[in-house]
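The values are calculated or read from the model by the stated rules, or taken from the named source; none is laboratory data. Note that the structure is predicted; figures quoted are calculated from it, not measured. Quick reminder, even Gly has a Cβ in these numbers, built from the backbone with ideal geometry, and neighbours come from all protein chains shown.
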Amino acid sequence: MGRSLAPLGPLIAEDLLLTKAQVGLLPSFLFLGQMLVSIPAGMLTDKIGTRRLLLLLCLVLGSAFLVGTFASSFYMLLFFIMIGGMGYGATHPVTNRGILYWFPAKRGTAMGIKQMGVTFGSALAAIALLPLAVMFGWRIALAAACIVLMLSGVIAFRFYKEQLAEKTGREPSMKGGMRSLITYKPLLMISLIALILNGSQMSVNTYLLFFVTDELFLSLAIAGTMLVLSEVGGSVGRILWGTVSDSMFGGKRFPVLMMIIITALTGTLGMAFLSDGVLVPLLVFIVIILGFAVSGFNGLWMNIATELTPKEQAGAASGVSLTIGSAGVIILPPLFGLTIDISGNFHTAWFLLAGLLGLAAIIAVVLRRMREF
C-alpha cells in the first residue's frame, strides 16, 4: 500500500501539475509519518504484542490513503499521506517483534521473507494499479488498494496467533532503557547506513518511471515493467541476502552488508551512464541488479538492528532505527528531484546517490571495527 505511490507518481504529477522535486515529497511525507511514530510504536509493541496493533495500523493506513484520494490539492494529499505513513511505519516494529519470537533460528531468512512482502507489494502495485490507474484514474486505483488493505488487516487479526512470550510485557533489560538505545553507537551507525540505503531505494522507486520515459525516451509500459523488475529483484534480494548471511556466513551480517552496498553503488553508476538509445536488455540487467541491492537490504538491516540489542527491546530498537533510517526517505527523493530540476538531467542525480553509497561503505567499515556482527 505504502509503495503504491511510486507506480502512480507520473499520473499524480500530471493530475496535480507537480515538479520533480514535488514528486519526491510524496514518499518523503509517507516516511515522515513513519519517523514520527516508529519509536512509540516500538515501545507499545514491546508492551502489548503484535496482533491488535497490526489491525489498527492497517485501518489507519487504508483509511488515510482512502480519504487522500479525494484531495483537491497537493498539500492536502501530502497531509493524508503523512497520516497513512504513521500506520505504514508502525507496522515494521510490530512485525519485527513477531519474527524474533516465532523464528529463533534462521532469522535472517525469516526476516527477509517478511520484508519481501514490501517489494512484492510494490511490484504488484506496478502490475495491477498502473494499468487500472491509466484506465480509471489514480484515485480509483488507490481507493481499491485501500479497501483490499483494510480487509487484509481484518483477516490477519482473525488468524494471527501470538507466542506466549509476546504477551508477557517484560520490561527492557538494557540499562537506561530508551536513552541507552538512542545513544548506542552501533545502533546509530547501522541506522545511518540504512538512512542512505533507504533514501537511495525510494529515489530509485520514485524516479525510475520518469528516468525511463523522460531521459531514455522509452514508453510508459516499458517504464512500468522496469519498476516491476526492480521490485522483483528487491524481493529476491530480501530473501537471498538473509539466507546467504545465515547459511554461508553463520549469521554474520557485515560481509553481506558490504556486498549490498557495493552492488548498489555499481548499479547506481551503471544508471548514470545510460542514455537515449540504450539497449533494453542492458537496462533490464542494471535495473534488476540495482533493485536487488537497494530494495533488498531491508531484511538484513532489521536483523542487525534487533540483534544488536536484547530481544526484549526488539520493538524499541526497530523503532529507533526506523526513525533515523526514515530520514533518508524524507531527504533524498526531493533532493534527487531537485538535482534533476536544476541540472536538467538524471546523470548528476545518479552520481549523487553513488557518492552517498560510498559514504555508507565507510560507515559500515567503522561499525565493523566497533562491534562484531
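Checked against (1) crowded, with 17+ Cβ neighbours inside 10 Å; (2) at pLDDT 95 or above; (3) assigned to a helix (DSSP H, G or I), LEU282 meets all criteria but (1).
Tallying residues that are free of Cβ contacts under 8 Å to residues at least 60 places away in the same chain, part of a helix (DSSP H, G or I) and over 18 Å from the mean Cα position of the chain (by Cα) within the range 250-266 yields 4. Of all residues in the range 305-313, none are assigned to a helix (DSSP H, G or I), crowded, with 20+ Cβ neighbours inside 10 Å, among the charged types (D, E, K, R) and out of contact with any His (no Cβ under 9 Å at 6 or more places or on another chain). Among the residues of the range 218-239, those identified as out of contact with any Ser or Thr (no Cβ under 8 Å at 6 or more places or on another chain) and buried (at least 18 other Cβ atoms within 10 Å of the Cβ) are LEU218, GLY224, THR225, MET226, VAL228, LEU229, VAL236.
If you check ILE304 against the conditions, is it among the β-branched types (Val, Ile, Thr), in contact with a Phe, Trp or Tyr (Cβ under 7 Å, 6 or more places away or on another chain) and more than 27 Å from LYS252 (Cβ to Cβ)?
Taking the combined requirement at face value, the residue does not satisfy it.
Between SER245, SER343, SER295, SER321, the distinction of being within 30 Å of THR19 (Cα to Cα), of a type in the set (Ser, Thr, Tyr) and touching a residue at least 40 places away in the same chain (Cβ under 8 Å) belongs to SER295 only. Could you list all residues from the range 329-373 that are outside any helix (DSSP H, G or I) and closer than 17 Å to GLU215 by Cα? Residues satisfying the conditions are GLY344, ASN345, PHE346.
Confirm whether GLY296 is surrounded by 18 or more Cβ atoms within 10 Å (Cβ to Cβ), in a loop (DSSP other than H, G, I, E, B) and within 17 Å of the chain's Cα centre (by Cα). Yes, satisfied. Residues that are under 24 Å from ASP214 (Cβ atoms), in contact with a Leu (Cβ under 8 Å, 6 or more places away or on another chain), modelled with pLDDT of 90 or more and not small (Gly, Ala, Ser) do not occur anywhere in the range 319-326.
From the list SER203, SER219, exactly one residue is closer than 27 Å to MET135 by Cα and in contact with a helix residue (DSSP H, G or I) (Cβ under 6 Å, 6 or more places away or on another chain). Which is it?
Of SER203, SER219, the one residue that is closer than 27 Å to MET135 by Cα and in contact with a helix residue (DSSP H, G or I) (Cβ under 6 Å, 6 or more places away or on another chain) is SER203.
Just to be sure, is THR306 more than 16 Å from the chain's Cα centre (by Cα) and among the β-branched types (Val, Ile, Thr)? The answer is yes for THR306. Considered as a group, the residues in the range 54-100 that are part of a helix (DSSP H, G or I) and among the hydroxyl-bearing types (Ser, Thr, Tyr) include one that is nearest to SER326 (Cα to Cα), and that residue is TYR88.
With a requirement of 2 or more residues that are modelled with pLDDT under 75 and surrounded by fewer than 23 Cβ atoms within 10 Å (Cβ to Cβ), the helices (runs of 4 or more DSSP H) lying completely within the range 104-209 that satisfy it span 107-136.
Does any residue of the range 47-68 turn out to be at pLDDT below 75 and either under 20 Å from the mean Cα position of the chain (by Cα) or within 28 Å of ILE239 (Cα to Cα) (or both)? Before the answer, list the steps.
Step one: filter the range 47-68 for residues at pLDDT below 75, giving 47-50.
With either under 20 Å from the mean Cα position of the chain (by Cα) or within 28 Å of ILE239 (Cα to Cα) (or both) added as a condition, the list becomes 49-50.
Looking for residues that are at pLDDT below 75 and either under 20 Å from the mean Cα position of the chain (by Cα) or within 28 Å of ILE239 (Cα to Cα) (or both), one finds at least one in the range 47-68, hence yes.
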